[in-house]
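*Asks:* This structure is in structure tokens; I'll ask about it shortly.
The values are calculated or read from the model by the stated rules, or taken from the named source; none is laboratory data. Computed from a prediction, not measured in an experiment: that's the story for all the values here. Quick reminder, even Gly has a Cβ in these numbers, built from the backbone with ideal geometry, and neighbours come from all protein chains shown. Accessible surface is based on the protein model in full, side chains and every heavy atom, while ligands, DNA and RNA are left aside. Shrake-Rupley method; radii C 1.70, N 1.55, O 1.52, S 1.80 Å.
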Amino acid sequence: MANLDQRGSRKEVIGIIGGGISGLLACKYCISKGFDPIVFESESSIGGVWTKTIESTKLQTPKPVYQFSDYPWPHSVTELFPDQKTVLDYIESYARHFDLVRHIQFHSKVLSLRYEDDGGAGDWDLWGRTGEAFSNKGKWNVTVQDTRTISARTQIYQVDFVVISVGRFSQVPNIPEFPPNKGPEAFEGKVIHSMDYSNMDSKTAAEFVRGKHIAVVGFQKSGMDIAMECSTVNGVERPCTVVIRTPHWNLPNHFPWGLSLGYLYLNRFSELMVHKPGEGLLLSLLATILSPLRWAFSKFVESYVKHKHELAEHGMVPDHSFLNELSSCSVSLVPEGFYDRVKKGNIKLIKKAESFGFSKEGIVVESQAEPIKSDLVILATGFKGIDKLKYIFESPKYQEFIAGSDDSVAVPLYRECIHPRIPQLAIIGFSESISNLHTSEIRCRWLAELLDGKFKLPSVKVMEKDIAEWDKYKKRYSYGKYYRRSCISALHIWHNDQLCKDMGWNPKRKKGLWAEWFEPYGPMDYAGPT
């Protein structure tokens, strides 16, 4: 256990990059162990993606699943899926309640990380030679830029441990590659990314799209929300066109045929149907025997989505299963009334656009004889979260470690937190689940116990073997390119069990056999160690 200085704070310095949900949780649990962390936040406020989200966006999971275990939603919030402002207010209230803001340095953009060590990078059997959080021989140099100054003044901080919690859905937009003379330069109109649209306030965004023929590329949450807002402003006179590459099992709500999704996918029994990393013979046999039930669960949800959205009539039935969708963390809630607007003509869908480019008039899609004439194209094509992580490291070797190989999951992490060959550093919030707040919180608690010296990490070989097992699971149940998103949604209890065992907690969190196996698991089940 680390020594304490005269003020009662530990001498080791923890640097946390990012003031979103994961960064705030890391800060809170570091404080609980006696540390005095520094949080570097590039913006002027906390909240991460919730500060730059389209105002009409709502929470994607029911609020009982998306809440802090020791700070429930206030009774005044009655909506099951609160809007952007309500969610941001809740996060800010949490930070004030636990006095986290005083640890945050705003307008502080981390430009790079450099590890100082007298040994070779990753040339050890145990993580950082000891399997412990801290090493007397290693320090991280964090180069930070003050974004308020014209001169972009930088300062270097030396810390003993780094927590990267920058998220994957911001800052580095994913712009598709186009053949020569088929990119945005060929288009006479304007092309922006959904990030640019999200940065506008509601009034500015409405004026920006008013009176324009708009095409939105992408059919996940931001694409649907932007299409709804554009169709509200411009109506049937100038319908919004949505260009869709892959149809998704986007949900109307979390209650297919009146049954909570939690009873289908968020309890221990549901996880018996899925092959798990490191499972024994019995669990493997059970997952095989229960595969017809696994198939039936997917079909049950799919039948509801097809019925509610009339997907067959719209030609929008996906080729993959709902379990594949869930296991890829690509499930979104469809904005209320979206398909009604498709019927009325406010929104037009261009389906299975495998590739597209630009012409003078607008978007050119192979399946369409004529270009989609547009004044404005909004690319809701996601973000390059891997690049954002990769290039924060000065070391090419560490960049290579983060990127992973082409045939493995990106950012390969033990317990979805630790890279076996990058010492004194954790990444929280990159690997996704069905509720990212809930998952980040238990990972931050696990990390705090590691920092506190309550347990050591196993050997590098053991950690890499465990990562490979999880990689097999993700390949098996995810689909297509979404495999590299690193999602543990269908096995979030199994994942949490491993964290609990490391911390010395009882992984069984419910009272009674029925509740343990069949009731949904959520944040409040992990409110304390026992």
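*Asks:* Please report the antiparallel percentage of the DSSP beta bridges confined to the chain, to the nearest 5.
*Replies:* The antiparallel proportion sits near 45 percent.
*Asks:* How far is it, in nm, from the label point at N253 to the one at D70 when both lie 7 Å from their Cα along the line to the Cβ?
*Replies:* Between N253 and D70, the label points sit 3.5 nm apart.
*Asks:* Need one number: nm distance between label points at D99 and W295, each 7 Å from Cα along Cα→Cβ, rounded to one decimal.
*Replies:* Reported label-point gap for D99 and W295 is 5.9 nm.
*Asks:* Another question, if that's okay. How much length, in nm to one decimal, is gained on full extension between K52 and Q158, taken as 0.36 nm per residue of separation minus their Cα-Cα distance?
*Replies:* 35.1 nm
*Asks:* State, as an integer percentage, the relative contact order of the chain based on alpha-carbon contacts under 8 Å between residues 6 or more apart.
*Replies:* On the way: 1018 pairs, mean separation 115.8, N = 530.
Here the relative contact order equals 22 percent.
*Asks:* Let me ask something else about it. Using only the alpha-carbon atoms, how far is helix 492-503 inclined from the longest principal axis of the chain? Give it as 0 to 90 degrees, nearest 10.
*Replies:* Helix 492-503 sits at roughly 10 degrees to that axis.
*Asks:* Please sort 453-464, 218-229 by packing, taking for each peptide the average over its residues of neighbouring beta carbons within 10 angstrom, highest first. Walk me through the numbers on the way to the answer.
*Replies:* Values: 453-464: 15.7, 218-229: 23.9.
Result, highest mean Cβ count within 10 Å first: 218-229, 453-464.
*Asks:* Multiply the residue gap between L283 and E400 by 0.36 nm, knock off their C-alpha separation, and tell me the result in nm, one decimal place.
*Replies:* Taking 0.36 nm per residue and subtracting the Cα distance, the gain is 38.6 nm.
*Asks:* Another question, then. Any idea which of P184, Y157, H320 is furthest toward the positive side of the dipole for the chain, if Lys and Arg beta-carbons carry +1 and Asp and Glu beta-carbons -1?
*Replies:* The listed residue farthest towards the positive side: H320.
*Asks:* Collect residues whose amide H, placed 1.01 Å from N in the peptide plane, falls under 5 Å from the amide H of K348; neighbours closer than 5 in sequence don't count.
*Replies:* Close amide H contacts, sequence-distant or interchain: C240, T241, V242.
*Asks:* From the phi of every residue in the range 37-45, what ³J(HN,Hα) in whole Hz does the Karplus formula 6.51 cos²θ - 1.76 cosθ + 1.60 yield, where θ is phi - 60° and glycine or proline is x?
*Replies:* These are the phi-based 3J(HN,Hα) values: x, 10, 9, 9, 10, 6, 8, 9, 8 Hz.
*Asks:* Next up: Any idea how far apart N199 and S355 come out in nm if each label point goes 7 Å out from Cα toward Cβ?
*Replies:* It is 3.1 nm.
*Asks:* Quick one: with all protein chains in place, what share of the accessible area of the chain is carbon or sulfur, to the nearest percent (1.4 Å probe)?
*Replies:* Details: 11990 of 23100 Å².
That share works out to 52 percent.
*Asks:* Work out how much length Q368 to A527 would gain on full extension: take 0.36 nm times their residue separation and subtract the Cα-Cα distance, in nm to one decimal.
*Replies:* Fully extending the segment from Q368 to A527 adds 51.9 nm.
*Asks:* Per residue, what accessible area does the range 190-280 have, given a 1.4 Å probe and all protein chains present, in Å²?
*Replies:* 35
*Asks:* Checking the table K190/K308; K33/K221; K299/K343; K203/K388; K63/K109; K306/K390 against a 28 Å threshold on Cα-Cα, which pairs fail?
*Replies:* K190/K308; K33/K221; K203/K388; K63/K109; K306/K390
*Asks:* Further question on the same structure: Taking the convex hull of the alpha carbon atoms in the range 310-414, what volume per residue do you get, in Å³?
*Replies:* Taking only Cα atoms, the range 310-414 has a hull volume of 196 Å³ per residue.
*Asks:* Follow-up question, since we're still on this one. Which of the cysteines in the chain are isolated, no other cysteine C-beta under 4.7 Å?
*Replies:* Cys with no partner Cβ under 4.7 Å: C27, C30, C417, C444, C500.
*Asks:* A follow-up question, please. Taking all pairs of distinct Cα atoms, average 1/r, flip it, and tell me the Kirkwood hydrodynamic radius of the chain in Å to one decimal place.
*Replies:* Result for the chain stands at 24.4 Å.
*Asks:* Next up: Compute the whole-percent fraction of alpha carbon pairs in the range 354-484 spaced more than 18 Å apart.
*Replies:* 65
*Asks:* Could you grab the relative contact order for the range 303-413? Cα pairs under 8 Å, six or more apart, rounded to a whole percent.
*Replies:* 10
*Asks:* Here's a follow-up. To the nearest 0.05, how large is the calculated FRET efficiency for L80 and A312 if R₀ is 35 Å and r is the Cβ-Cβ distance?
*Replies:* Step by step, r from the Cβ atoms, then E = 0.80.
*Asks:* OK, next. Compute the helix-to-body angle for 460-477: its Cα long axis versus the longest principal axis of the chain, expressed 0 to 90° and rounded to tens.
*Replies:* Helix 460-477 sits roughly 20 degrees off the main axis of the chain.
*Asks:* Scattering from the C-alpha atoms of the range 425-530 alone, worked out with Debye: what is log10 I(q)/I(0) at q = 0.15, 0.23 1/Å?
*Replies:* -0.71, -1.45
*Asks:* Of all trypsin sites (Lys or Arg not before Pro) in the range 73-104, which ones are in loop regions per DSSP and have a Cβ with at most 16 other Cβ atoms within 10 Å?
*Replies:* Of the trypsin sites (Lys or Arg not before Pro), not one in the loops of the range 73-104 has a Cβ with at most 16 other Cβ atoms within 10 Å.
*Asks:* Right, here's the next one. Taking the DSSP beta bridges in the range 1-116 as the whole, what percent of them are antiparallel, to the nearest 5?
*Replies:* In the range 1-116, approximately 40 percent of DSSP beta bridges are antiparallel ones.
*Asks:* Dipole magnitude of the chain about its Cα centre, charges +1 at Lys/Arg Cβ and -1 at Asp/Glu Cβ only, in debye to the nearest 20?
*Replies:* Here the size comes out at about 380 debye.
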